[in-house]
1. For a quick check, take a GNM of the chain with Cα springs below 10 Å and name the residue from L84, L58, L103 with the largest mean-square fluctuation.
2. Comparing A26, A79, A35, which has the greatest mean-square fluctuation in the GNM of the chain with Cα pairs linked when under 10 Å apart?
3. What's the long-distance tail for the stretch 34-74, i.e. % of Cα pairs beyond 14 Å?
4. How large is ³J(HN,Hα) for each residue in the stretch 88-101, as worked out from phi by the Karplus curve 6.51 cos²θ - 1.76 cosθ + 1.60 (θ = phi - 60°), to whole Hz, x for Gly and Pro?
5. Just to be sure I understand: with springs between alpha-carbon atoms less than 10 Å apart, which residue in G91, G71, G43 has the highest mean-square fluctuation in the Gaussian network model of the chain?
Amino acid sequence: MAEAEMVEKRRSIRFNVFWKGVATKADGSSFNIRADKISVDGGVFNSPQTLRNGEVLLLTFRIMVNGKAIGQKAVAKVAHTRILRDGQGYGVGFSFVRPCSKLVMLIERLGRRKVA
């Protein structure tokens, strides 16, 4: 698809974050991730492995709020996987299938105050 033909699918503002976490696959295997962009609809995380489009994951984020670590979970579906420019992993775009309400509230607060 030519760049001029690409359609913007994002519906919500994305925020730059630095959230460490774990992705768990349907087979129970897991690996560390780092989310660097997030919205109430989904985002992008860095991964050591490639994933299939449509694959469903349980994401567990460790979010620092006012100096305290808060663990938040969400079910997400892989939208795309790209090789990182440095060749040291993959950038994985995802959409939330079922984020918990507290996670959505934290993301919405990003527009009003600092949550990293």
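Laboratory data are not the source of any read-out in this text; all were calculated from the coordinates shown. Keep in mind it's a predicted model, so treat the numbers as computed, not measured.
1. L84
2. A26
3. Values: 477 of 820 pairs.
For the stretch 34-74, the share of Cα pairs beyond 14 Å comes to 58 percent.
4. Rounded to whole hertz, the list is 9, x, 9, x, 10, x, 9, 10, 6, 8, 9, x, 6, 4.
5. Per the Cα network of the chain with a 10 Å cutoff, G71 tops the list.
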